[in-house]
Structure formats: C-alpha cells, structure tokens
Amino acid sequence: MGAVYGYVRVSTREQNEDRQIMALNERKVPKKNIYIDKQSGKDFERPMYHRMLKKLRRDDLIYVKSIDRLGRNYEEILEQWRILTKEKKVDIVVLDMELLDTRRGKDLMGTFLSDIVLQVLSFVAQNERENIRQRQREGIEAAKLRGVRFGRPKRTVPDDFEQICCRWKNGEIIGKEAAQLCDMPLTTFYGKARKFRD
C-alpha cells in the first residue's frame, strides 16, 4: 500500500472547500497530503493538482469527493482518469460514487465496469454543467426582458459638474479635489470629464 492523498477543487475563491476536506478527514487522509486548488473551471490551471501528480508513485491512493473535481468536462475527466490509473498506476476513490473505487475488482471485469461507470458519470457531470449554464443564460435573458439591469449602476454627476470641470481644466483645483467635490472616484471623474469635454 502506497501513500494516501486527497484532492480538493473549488471553482472560485468565494466557494468553501470545507465539505470536501471533511470527507477526506473521515478517510484519514494526512493533512500534508491534501492538495487544494481554488481555480475557475474555465481556465483550469491547477498548480496544486500538478504538484500532487509529481509526487504520486505506483500504488498510491487518491480520494476525491466527486468526479467533476478531476476535470472541467467529459474529455478532461477521462484524460485525468487515464493518466492517474494507467500512467501513474495509482488507485482512485470517488467518495460520492462508491462504484468508482479502482481498488475493487482489479480483474478485467472490474476494470471494465469501473470504466463504464466513469464514462457515464463524466457525461452526466458535463451535461449538468451545460444545463446550469443554459438555465443561467435563460434567467439573464428573462430578467433583461423584465427591465432588470446588470452591472454597476450608472453614477450620476452633480448639478455643478460643469463648473467643477472648468475649475479643474483651468488648473484651479487638481483632479483629486474635483473628484471629491463630485463624490466619485478619481478614474470615474476623469472618464465623465472626458465625455463632458467631448
């Protein structure tokens, strides 16, 4: 039996990894062997995952909470599974799906069944992500039709904006003072002043 590792990935810095870490702690994964990436699935640069890959040796064991932690889409998940099981020759346990435990059924039938389940689950994971994106797009479109505006609210200029701009332009006050008089950030003031001038 080799070393035991755990891999955790959350898509944004705001997401909490506690649920995944608790699951790994229950399996007694040493704290020093838990690798955590907080990266968007979009760019998928995973420095800690790659660091873990370099440490892996034959017969090591990796725990992941769910199959979609391994990749951002169907092809990526299958590719990482192949690298881990065929090239690195390590075992993987997917905690949310007991059928995906490569320690069981090392014979041809066990490998075959594990590969089929992996393909199905990878497809389901990608399909669910695409459905979520579709629902988000539909929700945004529906909100726009209802008149909901997205992005930062437009900052209004004060009634005396023209006089403040003239004072700034004539060198009577500096940009920072002009921005304070308008109650807006300096970059916003410069942008509004440029539009006003144009």
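Every read-out reported here was derived from the displayed coordinates using simple, explicitly stated rules and does not represent laboratory data. Note that this is a predicted model, so its numbers are computed, not measured. Methodologically, a virtual Cβ is constructed for each residue, glycine included, from the backbone with ideal geometry; neighbour enumeration extends over all protein chains shown.
What order do you get for 3-11, 58-66 when each peptide is scored by the mean count of other beta carbon atoms within 10 Å, highest first? It would help to have the intermediate numbers written out before the result.
Working: 3-11: 21.0, 58-66: 18.9.
Averaged packing, sorted descending, gives the order 3-11, 58-66.
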> Between LYS28 and ASP159, what length in nm is gained on full extension when 0.36 nm per residue of separation is reduced by their alpha carbon distance?
Replying inline: 40.6 nm
>> For the chain, what does the relative contact order come out to in percent, with C-alpha contacts under 8 Å and a separation of six or more?
In response: 14 percent
> Using bins 10 angstrom wide from zero, how does P(r) for the chain break down, in % of all Cα pairs?
Replying inline: 8, 26, 20, 12, 12, 12, 8, 2, 0
>> Which of ARG135, ARG152 has the fewest other C-beta atoms within 10 Å, and how do the rest follow up to the most?
In response: ARG152, ARG135
> Fewest first, what order do CYS182, CYS165 take by the number of other Cβ atoms within 10 Å?
Replying inline: CYS165, CYS182
